[in-house]
2 protein chains.
Amino acid sequence: MSEDEIPDINLKEMMMDERNANIKKNMEKIRHKIVIISGKGGVGKTTVAVNLAMSLASIGLRVGILDVDITGPNVIKMLGVDPKLKPRVDVDAKKFHPIKGPLNIKVMSMAFLTSSPDDPVIWRGPMKMSAVRQFLGDAIWGDLDYLICDLPPGTSDETLDILQLIPEENVVIVTTPQQVALMDARKTIKMATVMQRKILGIIENHSGFDCPHCGKYIDLYPPGGAKKASIDFNIPLLGNIPFEVEISQQGDQGLPFVLKYPDNKATKKFKEIVKKIREMLES
Amino acid sequence: MSEDEIPDINLKEMMMDERNANIKKNMEKIRHKIVIISGKGGVGKTTVAVNLAMSLASIGLRVGILDVDITGPNVIKMLGVDPKLKPRVDVDAKKFHPIKGPLNIKVMSMAFLTSSPDDPVIWRGPMKMSAVRQFLGDAIWGDLDYLICDLPPGTSDETLDILQLIPEENVVIVTTPQQVALMDARKTIKMATVMQRKILGIIENHSGFDCPHCGKYIDLYPPGGAKKASIDFNIPLLGNIPFEVEISQQGDQGLPFVLKYPDNKATKKFKEIVKKIREMLES
C-alpha cells in the first residue's frame with residue numbers, strides 16, 4: 001500500500017437509495033436497536049457493547065453486534081472472534097452473512113475486511129459512511145431481538161450516520177468519571193436530544209476499584225459526574241461499573257467478562273443494567 | 001439548534017488553494033511540529049500533548065498547541081484556559097490570534113468557538129477538514145520553536161489532514177498497555193510509515209501505579225506491548241508514564257501535571273521523554 005492509494009472523497013457512494021431501502025427492510029426485522037456512544041474514546045464503549053450483547057444472548061435472545069468503528073474496530077478482539085474469518089457472500093442476492101460469534105451472536109466489523117490487524121483503514125468520512133451502510137443494508141442480519149451498534153468516539157460521521165439511518169434506535173451513553181470524558185458525554189447527550197432519539201440512560205464505567213493487594217477502595221477519578229449529567233439532562237443513570245484489575249490484567253482477548261467472571265462485582269453491576277434496559281424496551 | 005441545521009458535506013470548503021499557501025507560510029515560521037496520535041481514544045494523547053507543550057514552554061521555548069480534535073476538544077480544559085475567551089480577529093488580514101495560555105503558550109481549539117461546553121459539533125469530515133485548515137493557515141501563530149498538534153483517535157479525516165498538510169511534521173504515538181489500544185496504535189504507526197513521516201517514538205501511558213493505601217504496585221494491564229511494538233516497527237520507545245491516582249483524583253482542570261506536581265514519578269518520567277524528543281530534533 002502506498003500513499004497514492006489513500007482514497008479521496010467519493011460522493012457516488014452516498015447516493016445509494018437502493019441501499020437505504022435495504023437498510024430499512026433489514027432494520028424492520030430487528031425488534032430493538034441500541035447504539036452505544038460516548039463522546040470521548042477509551043471510556044469502555046466496546047466493553048459495554050460486547051457484554052450487553054453477550055448478556056442478552058446468554059438468556060436465549062437473538063442478538064447481532066455491529067462494530068461501527070471503521071478505523072479502530074475492537075469488537076471482535078474483545079469477543080475472541082478470529083479476524084481471519086471472512087463473511088460468506090451470497091452472490092445472487094449481492095449480500096453477505098455476518099460472522100457467527102460466541103453464543104451464536106451475529107458479528108460484523110471492518111476487522112474482517114483488512115488483510116492484517118496492523119493495516120490502518122485510512123478513509124475519509126464518505127468512505128466510512130458507505131461501509132456503515134453496507135454493514136446495515138447488505139448484511140443478512142435476519143430476525144433478531146437486539147442489534148447492538150458500537151460507535152467510535154465523537155459526534156461526527158459515524159455517529160451521525162447511525163442516528164440518521166436508524167431513527168428508531170435507542171441510545172446508551174458510556175462515560176468514565178473523568179471530567180473530560182463527562183464533557184464529551186454531555187455533547188453526545190445533547191446531540192441525541194436535538195435529533196430526538198430515545199436515550200435509555202448513562203453508564204458510568206471505571207468508577208473505581210479495590211486494590212488487589214490490600215483490598216481498599218481506590219477512586220480512579222473524582223466521583224459524581226455521571227449522576228450530575230443524568231440530573232442535568234433528565235435521563236436515567238443506568239449504573240456504575242467498577243474497574244476490575246483481575247479482568248484487565250487478563251488482557252482483552254476472549255470472552256466478555258459477564259461470561260468469564262460470572263460472580264464478580266462488575267458482572268453483578270452489569271446484569272442490573274441489562275435488566276433495566278430490557279424493562280425499558282420489552283415491557 | 002435543530003436537526004435540519006446539521007450540515008451536509010460541502011466540497012467548496014476543500015478547494016481553498018489560498019488557504020494551503022497560508023498554511024505553508026505559517027508552518028515555515030515554526031521550527032518543529034509534533035503531532036500526537038494514538039489510534040484508540042482515551043489513552044492520554046491530550047495529557048501528553050499539554051504536558052509536552054508546558055515542559056517546552058517552561059524552559060523558555062516559544063510554543064503553540066493546536067487541538068485538532070474538532071468534536072471532542074479537551075486541550076483547554078486540561079490547560080485550565082477559559083473556554084469563554086474568544087480569538088481576537090484581525091479584520092484587515094482576515095486572520096485571528098490564538099488565545100494565550102499558561103506560560104504564554106498559544107492555544108487554538110474548537111472549544112473557543114462553541115457557545116456552551118455542552119454543545120456538540122455535529123460536523124462531517126469535510127467541515128472538520130476546513131476547520132483544521134483555518135486553524136493552521138488563518139491563525140497568527142508567528143515565530144515558534146514548537147507546535148504541538150493533539151489529534152482525535154483513528155486513522156481517518158483529521159489524522160490524514162494533518163499528516164498531508166504538514167509533511168515535515170514529527171509523529172509521537174501514545175498508547176496504553178491495553179491490547180486493544182496497542183492494536184490501534186500499530187495501525188497509526190503503519191499509517192505514518194506508509195506516508196513516510198518521521199516517527200519520534202512511542203509513549204506508553206497508564207502503565208500501572210502504586211496503591212495510595214498500601215503503596216504496592218498495581219499493573220492496570222498486562223505489560224510489554226509498547227516495547228514489542230517498538231521492536232516490531234523499529235521505532236524508539238520514548239518511555240512509560242505511570243498512572244497517578246493523586247493527579248487523576250484532582251480532576252483534569254488546571255495546570256498540567258509537570259507543573260503542578262514537579263516532583264512526582266510521572267513528571268520525572270515525562271521529563272526524560274521530553275529530553276529525548278529535544279535531542280532528536282534540536283541536535
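Quick notes on this one:
- Rounded if a/c under 1.5, otherwise prolate or oblate - segment A:21-138, Cα gyration tensor axes: rounded
- Projecting the Cα atoms of A:37, A:57, A:116 onto the charge dipole of segment A:29-280 (Cβ charges, centred on the Cα centre) puts A:57 farthest toward the positive pole.
- Shown for residue B:89: label points 7 Å from Cα along the beta-carbon vector, and their distances to the equivalent points in the other copies, 5.1 nm in ascending order.
- Helix A:45-58 vs. chain A, principal-axis angle (Cα, 0 to 90°, nearest 10): 90 degrees
- Unit charges on C-beta of K, R, D, E only; dipole of segment A:125-283, Debye: 500 debye
- The relative contact order of chain A, computed from alpha carbon pairs under 8 Å that lie at least 6 residues apart in sequence, is 24 percent.
- Gyration tensor (alpha-carbon) shape descriptor, segment B:99-255, a/c threshold 1.5: oblate
- Heavy-atom accessible area ranking, 1.4 Å probe, most first, across A:278, A:133: A:278, A:133
- Among residues other than residue B:144 with Cβ under 10 Å from its Cβ, the summed charge is +3 (Lys and Arg +1, Asp and Glu -1).
- The order of the peptides B:55-68, A:75-88, A:32-45, A:224-237 by mean Cβ neighbours within 10 Å, most packed first, is A:32-45, B:55-68, A:75-88, A:224-237.
- Spatial separation of Cα centroids for segment A:152-181 and segment A:124-151, in angstrom: 15 Å
- Per residue of A:125-135, other chain Cβ atoms within 10 Å of the residue Cβ number 2 on average.
- Shortest first, residue A:272 label-point distances to identical copies amount to 4.2 nm, with the label point at 7 Å from Cα along Cα→Cβ.
- Spin-label pair residue B:18/residue A:93, simplified geometry with 7 Å Cα→Cβ offset, distance in nm: 5.4 nm
- Net charge over other residues, Cβ less than 15 angstrom from the Cβ of residue B:116 (K, R count +1; D, E count -1): +1
- Dividing the helix sum by the residues of chain B, where each DSSP H run of 4 or more adds -39500 (n - 2.57), gives a mean residue ellipticity at 222 nm of -11000 deg cm²/dmol.
- Charge dipole of chain B about the Cα centre (unit charges at C-beta), most positive-ward option of B:96, B:135, B:264: B:264
- Each copy carries a label point for residue A:31 at 7 Å from Cα along the beta-carbon vector; from one copy to the others these points are 6.6 nm apart, nearest first.
- Counting Lys and Arg as +1 and Asp and Glu as -1 over every other residue whose Cβ lies under 12 Å from the Cβ of residue A:233, the net charge comes to +3.
- Within the protein assembly as shown, A:149, B:149 have no other Cys Cβ under 4.7 Å of their Cβ and so lack a disulfide-compatible partner by this rule.
- The protein assembly as shown, dipole about Cα centre (Lys/Arg Cβ +1, Asp/Glu Cβ -1), debye to the nearest 20: 700 debye
- Computed from backbone phi with θ = phi - 60° and the Karplus coefficients 6.51, -1.76 and 1.60, the 3J(HN,Hα) list for segment B:210-216 is 8, 4, x, 8, 9, x, 6 Hz; x is used for glycine and proline.
- Separation of alpha-carbon centers, segment B:213-251 and segment B:14-74, rounded to whole Å: 24 Å
The values are calculated or read from the model by the stated rules, or taken from the named source; none is laboratory data. Quick caveat: nothing in here was measured; it's all calculated off a predicted structure. Cβ atoms come from the backbone with ideal geometry, glycine included; neighbour counts cover every protein chain shown. Quick note on the areas: whole protein, heavy atoms, side chains included, nothing else; ligands and nucleic acids left out. Shrake-Rupley method; radii C 1.70, N 1.55, O 1.52, S 1.80 Å.
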